[in-house]
1. Evaluate the following for residue 47: is it out of contact with any Phe, Trp or Tyr (no Cβ under 7 Å at 6 or more places or on another chain), in a loop (DSSP other than H, G, I, E, B), at pLDDT below 80 and loosely packed, with under 12 Cβ neighbours inside 10 Å?
2. Quick one: is residue 169 outside any helix (DSSP H, G or I) and either touching a strand residue (DSSP E or B) at 6+ places or on another chain (Cβ under 9 Å) or not assigned by TED's automatic domain parsing to the domain that holds residue 231 (or both)?
3. If you go through segment 214-229 one residue at a time, do you hit one that is within 22 Å of residue 273 (Cβ to Cβ) and either outside any helix (DSSP H, G or I) or without any contact (Cβ under 8 Å) to a residue 24 or more places away in the chain (or both)?
4. Report yes if some residue within segment 58-71 is modelled with pLDDT of 85 or more and assigned to a helix (DSSP H, G or I); otherwise report no.
5. Give me the residue from segment 208-239 that is aromatic (Phe, Trp, Tyr) and within 16 Å of the chain's Cα centre (by Cα) and, out of that set, surrounded by the most Cβ atoms within 10 Å (Cβ to Cβ).
6. Is it true that some residue in segment 154-165 is of a type in the set (D, E, K, R) and within 19 Å of the chain's Cα centre (by Cα)?
7. Looking at segment 27-38, which of its residues are under 34 Å from the mean Cα position of the chain (by Cα) and without any contact (Cβ under 8 Å) to a residue 12 or more places away in the chain?
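The values are calculated or read from the model by the stated rules, or taken from the named source; none is laboratory data. Everything numeric here is computed off the predicted structure, so don't read it as measured data. In this analysis, Cβ positions are derived from the backbone assuming ideal geometry, glycine residues included, and neighbour counts consider all displayed protein chains.
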Amino acid sequence: MSLLHIQSYQQSTDESSHPLNSKFNFLQIYAIDLKPYKKKWRLLFNSVPSLKSLESIYFDLQSQSTEERESKEIIFLQCILINMHAPLNLKLSEEQWIHISELMPTQKSQFEWSQICQQFVHQSAYNNPWSQNEDSQLLDIILCFQKMKKGNKWSKIARELNERCLNKCIRTPKQCRERWGNKLDPSINRDEWTDQEDLNFLQLLLQHGRRWAELSIRLSPITNNKKRTEFSLKHRFKKLISSTINIESKSIPGTKYPISSDWNNKEINKLLSKISQLEMKINLKQLDNFYYHPLFKQIKLNDFTKLVIIKGTSKVELDLSILFNSTNSELYV
């Protein structure tokens with residue numbers, strides 16, 4: 001079957017006479033109920049575009065660059081699928097994918113079209129647990145991309161993963177990105193949370209709101225560039241706040257931190273209350289670390305021997321043991 005051919009559009013009030021109808025049957029597509037598709041797919045239109053609009057899209061797809069034609073390509077593809085009464089899970093036969101590739105004005109294989117289709121199917125329609133083989137292959141692909149300085153081009157990464165694994169479930173670029181960011185990235189911080197990290201986290205959260213990706217970046221210098229995942233930040237926030245007794249007050253207590261407009265008064269009071277508890281807890285620990293021995297007239301320094309200063313995204317560590325060793329020497333004189 002040759003590619004869909006469209007002749008120049010003549011001004012006419014009767015769309016049924018248009019040459020597109022010989023292949024595409026627009027009278028049929030206009031009668032199809034879109035509600036089931038809207039529920040399962042991310043449709044790029046609320047109603048089927050007019051014949052003239054689709055004709056314009058068709059010619060644009062033949063002339064525009066890949067970046068310019070991406071959304072138009074999906075619109076045209078969705079119209080073809082709806083017209084074919086494609087199943088909502090998009091499980092089509094090989095012959096049907098070949099037919100779709102012939103109808104589309106851009107050149108792609110049936111495998112590539114099936115991958116593109118998965119990008120506009122809602123997550124619940126194709127979400128399956130990741131296998132060990134998929135994780136291993138995805139990690140290998142991403143590390144190779146980074147080594148070759150290709151960056152994280154998730155569409156290409158997803159395509160290569162699907163070609164390697166040949167699963168019935170096709171992984172989308174979004175799934176690959178989230179799997180890497182929440183599970184496979186070697187820089188993920190899996191250590192136990194400390195009181196100091198909790199305090200830094202809540203201080204940043206109070207200032208910047210629920211911007212989890214940004215908070216992950218801002219926290220990483222404190223933990224030697226190990227990153228907490230967005231999922232772990234959300235979970236930690238819920239855990240910290242759920243254990244906080246809400247202090248009701250008519251006004252927000254004074255604070256040295258700027259406060260994001262994302263929070264309401266009740267949330268602000270909870271955050272400030274937890275921050276205050278952590279500050280008191282940390283201060284008590286610091287008092288225990290430095291003490292003066294009356295018999296030997298000697299200042300003792302316990303386990304914590306470094307002062308960490310965070311400025312922006314940089315971290316400076318000062319070794320306090322040098323200072324206290326010097327002080328102890330003077331005391332013996």
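1. In short, no.
2. The answer is yes for residue 169.
3. For segment 214-229, residues within 22 Å of residue 273 (Cβ to Cβ) and either outside any helix (DSSP H, G or I) or without any contact (Cβ under 8 Å) to a residue 24 or more places away in the chain (or both): present.
4. Checking segment 58-71: not a single residue is modelled with pLDDT of 85 or more and assigned to a helix (DSSP H, G or I).
5. 212
6. Yes, because at least one residue in segment 154-165 is of a type in the set (D, E, K, R) and within 19 Å of the chain's Cα centre (by Cα).
7. Selection gives 33, 35, 38.
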